[in-house]
Amino acid sequence: MNFVKKPTPIPGCFELQPAVRKDARGAFVKVFHSPEFRKLGLETDFREEYYSVSKKGVLRGLHFQEPPADHEKVVCCPVGEVLDAVLDLRASSGYGRSFTLELSAEKGNMLYIPRGCAHGFFALSRSVMLYRTGTVHSPEHDAGVLWSSAGIKWPSRKPLISDRDAAFAPLAGFRTPFKGRGRRK
């Protein structure tokens, strides 16, 4: 098997460690294989894929899509390294619980994020993040939680952040649209 699935503190969220094949030329990493994802009980019907490029010190997040456009997401960092963060917004599975994990090109690790969770990251170096999502982006369902309001220990208190991300409402008082465990019905 090319992927090892490791649990995280958030139900349904997993670190995925693919086989990293290295030789004198560099490295080769398979980031998706539908039959293996199915064997691991993970979503395989992805609808959209994109990437972001960030300078060191950039913080992006905490982002999610509201139902009915909510989605599973797989993220990896094929260039550089980031401190990745997930915040559980599901009412029935540990609302408000968060955790962080370093993702890097060197490790080749990835994160599988279930529906109902917000996601963000801090660029520890110049980095590229690759995202694969279960739904197509829907601007009217695009939402977020203020990055500094969820108890996440970020590497900087003054990151480079977009005006949009800085304007998100704090977690306190947030009304979750996620009543279940983030699974498709």
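The values are calculated or read from the model by the stated rules, or taken from the named source; none is laboratory data. Computed from a predicted structure; not experimentally measured. Cβ atoms come from the backbone with ideal geometry, glycine included; neighbour counts cover every protein chain shown.
Things to note:
- Of all residues in the stretch 31-39, none satisfies being of a type in the set (A, V, I, L, M) and exposed (fewer than 13 other Cβ atoms within 10 Å of the Cβ).
- Looking across the stretch 59-80, the residues that are part of a strand (DSSP E or B) and either touching a Lys or Arg at 6+ places or on another chain (Cβ under 9 Å) or of a type in the set (F, W, Y) (or both) come down to F64, Q65, K73, V74, V75, C76, C77, V79.
- For the stretch 103-142, the set of residues classified as among the hydroxyl-bearing types (S, T, Y), buried (at least 18 other Cβ atoms within 10 Å of the Cβ) and assigned to a loop (DSSP other than H, G, I, E, B) consists of T135 only.
- Filter result for F28 (touching a helix residue (DSSP H, G or I) at 6+ places or on another chain (Cβ under 8 Å), farther than 24 Å from H137 by Cβ and either acidic (D, E) or at pLDDT below 95 (or both)): no
- Selection within the stretch 46-59 - surrounded by 13 or more Cβ atoms within 10 Å (Cβ to Cβ) and more than 11 Å from V75 (Cβ to Cβ): F46, E48, S54, K56, G57, V58, L59
- Test for S93: is it closer than 16 Å to M110 by Cβ and in contact with a Lys or Arg (Cβ under 7 Å, 6 or more places away or on another chain): no
- Number of positions in the stretch 1-43 that are among the polar types (S, T, N, Q), in contact with a Phe, Trp or Tyr (Cβ under 8 Å, 6 or more places away or on another chain) and either over 21 Å from A85 (Cβ atoms) or in a loop (DSSP other than H, G, I, E, B) (or both): 1
- P177 assigned to a loop (DSSP other than H, G, I, E, B) and in contact with a helix residue (DSSP H, G or I) (Cβ under 6 Å, 6 or more places away or on another chain): no
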